[in-house]
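Take a look at the structure set out below.
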Amino acid sequence: MKNKLKKFVLPAFALLMAVSLAFATDAEAFLETGYIQGPTGPIQVQVDCKSEIIDPCLYLGQHVYEDPQFSTPMRKSQP
């Protein structure tokens, strides 16, 4: 009886830990800071963009830039 309990509890515990740790990641750790043009100047935004593809990175339909002077546009991340 004790072995049957171990055979059930240990895999169930491992599954529970795997599922709970999968949701414990920090999503904001993957976001980068960019800037969009606002009505009174640059607005800082958090986006998921990397400089790897030619397509521009957009945030709410506006181009996202790496700096508040809007000199370096950010590019979309690879899918």
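Listed values, structure above:
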{"read-out": "Candidate set from segment 50-62 (those that are among the charged types (D, E, K, R) and over 14 Å from the mean Cα position of the chain (by Cα)); member that is modelled with the highest pLDDT", "value": "Asp55"}
{"read-out": "Among residues of segment 7-49, those that are more than 23 Å from Val64 (Cα to Cα) and either modelled with pLDDT of 75 or more or surrounded by 10 or more Cβ atoms within 10 Å (Cβ to Cβ) (or both), counted", "value": "13"}
{"read-out": "Subset of segment 64-79 (residues that are surrounded by 10 or more Cβ atoms within 10 Å (Cβ to Cβ) and either at pLDDT below 90 or assigned to a loop (DSSP other than H, G, I, E, B) (or both))", "value": "Val64, Glu66, Asp67, Pro68, Phe70, Thr72, Pro73, Met74, Arg75, Lys76, Ser77"}
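The values are calculated or read from the model by the stated rules, or taken from the named source; none is laboratory data. Worth saying up front: this structure is predicted, and the values here are computed from it rather than measured. Counting neighbours? That spans all protein chains shown, and the Cβs are built from the backbone with ideal geometry, glycine included.
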